[in-house]
Structure formats: structure tokens, C-alpha cells
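Here is the structure we will look at.
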Amino acid sequence: MNNKKLQILSKSVLGRALSILGFFKGYDPLPPAYVALYLTYRCDLNCPFCYQDKSKITTFPDMTLEDAIIIENNIRKSLWFKPRVHFFGGEPTISASFLPIFKLFAGKGYSLSLTSNGHVGKYAQEILNTAGRVEINLSLNTMDFGKTHSVLEMFARDSGKKNVRINLNCPINRDNCGRLSEVVDEFKESHVESFVFQHPAFSQQYNIGLDPATIEKQVGEIGKRKYKFPVLFNPRIRARDIKSYYAEGPFPVSASKCFYSWVVLLIQPNGDIAPCEMISAALGNMKNASLKELWNSKEFVTFRKSLLERGADRPPCSRCCHKRYP
């Protein structure tokens, strides 16, 4: 699930309705709407602002096609509908199993999406030949946009089919924090669904060299302009809260509601399920237990209940992009 969808969900009627889930004390009567399938934790880049735990590269070998077949079969037998499947990593497209796993889920009729740093261009033709709709989140990790323009051009060649939608995601870092409006302008004529800037999250080490006043000014500048696609900032904090967001210590803006573990099923490369990206505790494995059992297992219900009781304002949740901010 991309950031645009998460933000819309959090503000929609459905997002407000999710508040009712608090009455179930951690039990989730609804099945997961999205599956985040981590194919690998490896990446062909080494971005200094990446918050992925590098130790997972050795802990979790890449997902195999055989394991993906078991996982897909489990999902299909456990749910009465097909959830959106999002391929993630690391860089999911560098896995040797990416294309076979992609074709597996595409052939079963799932709506698909993926996040890529641009390496996905290698598989442009195969993705364009997919019968169903595919959303691609392209990450802009440097101020060199040649690779991104190249990927956009690859998918534009067969625009008549219009089965591929592209969102641009740009992590805010020391190289671009004073040039955010320039970054958007670079792609103002591109046919993209949305443009999302990602505030650095979870650890102050990623905020080194960033000037909150400059970022706040850039946010205001972008807000004055009109683009043919929505420009979002994630997490969706108010402009007046940017300085405190980038300051040391806990983020003082309360945002205790988080429904990620009620909506998204996160599956790691070995089949383990986890409650979210930053809490890697295994709550069972898709290869040896039914999703019906796992989704409301004692461990998963206990986690959701603890989130309801303690809220989501403390680390590692205090600056999470999946929460609803006022």
C-alpha cells in the first residue's frame, strides 16, 4: 500500500469507522485489506537516510517462489476476497524470484503494487503485459533524476493500456531539503498519480544536516503552487509542527491512533508475519499456520490490545508515517 492510499484511508469515512475496532480489544473482525510482501531486505543502493535494519539481510534470505506459492495459497484459502499485494524490501526487484512471484500473484488476479528505487525498469515490459492494474512507487533517492525519467519513459511507451500507475516518493534529506519545490517542478509535466515527500522518521540520526525552517518554507512554497497531481507530505503533520518534529526528543504532537496492524498483513521473506515495519517480532509463520488463525492469534490480539492501551506516541511509533495526526 502506498503512502497516498494510507493518507486517504486515514481521513476517509472508512478510516473513521476503523475507530470502532477499539471495542474489540485487539481482536480484528475484518480481514487484512493489504498484504505487504517483503521479497528481500537486500538493496543495490546504500542510502544514508534509509531506516531499514541492515542486519535483516543476513537474518532473512530472499523469498523463494516455492514459499510464495504456499503463502498465496494460504491467503486465497483463508480470505473471501483478494487483498492488494504490495512487493517491498530492500529493493524487491533485485531478488531473483521477483518476476516469478510477481507473475504468480498477477495470474491469480490480485491487484499489485511495489516500491522501487528505479531498478524496476528492468521489468517494464513484463509489468506492462500484466492483465491487471499495477501501481509503482518510484523512490527519488538522489538529485540525479535521469534514472527516474528513464523509467517513466519506459512505462509511457505503452500508455494506451493504462494498467500501470506511478507514484513518486521522495525522502527528505540533507541534499534536497532546500530544493523540494525544484524536485516537484522537475516532474510537473510527468504523468504520475501523486508525489509524496517523506519526512525522516524513527531516529534522530536521519535528521542531521536538515534545517526545519528551510523545510517549512519549502512546504509553504509548494502549497502555493498548482500541479496536475497531488503533492503530499508523509507523515501528514501540520506545517507549524515541522520544527518540533525535527527537534530532539519525543514528538510532542499526540497521534495515538494507528490502525496499521488491523489493515495490513506484513509478511517477511521467510514467511514470518510482523505487526509493522519497525517491530519485527514474529507473530507466526504463513508457511505452517492458516492466516485465519494467525490474524487473530493470541500474540496478534495481545499486540493490538497493547497498542490500544499504551497508544502510539512513544518510540518507535512517535514519528511513524502510518498514524493519524491532527
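The values are calculated or read from the model by the stated rules, or taken from the named source; none is laboratory data. Treat the numbers as computed from the prediction; the structure is a model and nothing was measured. Cβ coordinates were reconstructed from backbone atoms using ideal geometry, including for glycine residues, and neighbour counts include every protein chain displayed. When the accessible area is computed, the model is the full protein with side chains, heavy atoms only, and any ligands, DNA or RNA have been set aside. Shrake-Rupley method; radii C 1.70, N 1.55, O 1.52, S 1.80 Å.
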Open item on the list: Tell me the per residue accessible area of the chain using a 1.4 Å probe; a whole number in Å² is fine.
Closed with: 46 Å²
Task: Long-range HN-HN contacts of Asn117 with modeled amide H, under 5 Å - done: Ser139
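Between Lys188 and Leu99, how high is the FRET efficiency from 1/(1 + (r/R0)^6) when r is the Cβ-Cβ distance and R₀ = 30 Å? Nearest 0.05.
Working: r = 32 Å, r/R0 = 1.08.
E(calc), rounded to 0.05, equals 0.40.
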Task: region 119-126 - phi-based ³J(HN,Hα) in whole Hz, Karplus 6.51/-1.76/1.60, Gly and Pro as x - done: 4, 4, x, 4, 10, 4, 5, 4
Open item on the list: I'd like the carbon and sulfur percentage of the solvent accessible area for region 218-284, probe radius 1.4 Å, heavy atoms only, ligands and nucleic acids excluded.
Closed with: 53 percent
Task: Val196 long-range amide H proximity, modeled H, under 5 Å - done: Leu168, Asn169, Cys170, Leu232
Task: Amide H partners (placed H, <5 Å) of Arg165, local residues excluded - done: Val134, Glu135, Ile136
TODO: Please report, in whole Å, how far the alpha carbons of region 81-186 spread along each principal axis, starting with the longest.
DONE: 45, 29, 27
- [ ] Consider all pairwise Cα distances in region 183-306 and report the whole-number % of them above 21 Å.
- [x] 57 percent
Open item on the list: Taking the alpha-carbon distance from Lys56 and a cut-off under 14 Å, which aspartates and glutamates remain once sequence neighbours fewer than 8 residues away in the same chain are dropped?
Closed with: Glu91, Asp272, Glu277
Task: Where labels lie 7 Å past Cα in the beta-carbon direction, separation of Lys228 and Lys77 in nm - done: 4.8 nm
Task: region 80-138: chymotrypsin sites (Phe, Trp or Tyr not before Pro) in DSSP loop, at most 11 other beta carbons within 10 Å - done: Trp80, Phe81
Open item on the list: Apply the Karplus curve 6.51 cos²θ - 1.76 cosθ + 1.60, θ = phi - 60°, to the phi angles in region 186-192 and return the couplings in whole Hz, x for Gly and Pro.
Closed with: 4, 10, 5, 9, 7, 8, 10
Task: Radius of gyration, Dmax [region 63-140; alpha carbons; angstrom] - done: 12.2, 38
- [ ] Give me the distance in nm between label points sitting 7 Å out from Cα along the Cα-to-Cβ direction at Gln52 and Glu248, one decimal.
- [x] 3.0 nm
Open item on the list: Quick check on the chain: helices-only [θ] at 222 nm, where DSSP H runs of length 4 and up contribute -39,500 (n - 2.57) each and the sum goes over total residues. Nearest 500, please.
Closed with: -8500 deg cm²/dmol
Task: Vicinal HN-Hα couplings computed from phi for region 262-268 (Karplus, 6.51 cos²θ - 1.76 cosθ + 1.60; Hz; Gly/Pro x) - done: 8, 10, 10, 9, 9, 10, 7
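Sorted from largest to smallest, which semi-axis lengths in Å does the alpha carbon gyration tensor of the chain give for its equivalent ellipsoid, taking the root of 5 times each eigenvalue? Numbers along the way, then the final one.
On the way: eigenvalues 169, 138, 65 Å².
Equivalent ellipsoid semi-axes, largest first: 29, 26, 18 Å.
Residues with beta-carbon under 11 Å from that of Asn296, excluding Asn296: net charge, scoring Lys, Arg +1 and Asp, Glu -1?
Details: positive: Lys292, Lys298, Arg304; negative: Asp28, Glu293, Glu299.
Once positives and negatives cancel, what remains is 0.
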- [ ] Rounding to the nearest 20 debye, state how big the charge dipole of region 138-287 is about its Cα centre with +1 on each Lys and Arg Cβ and -1 on each Asp and Glu Cβ.
- [x] 520 debye
Task: Beta bridge orientation in the chain: antiparallel %, DSSP, nearest 5 - done: 10 percent
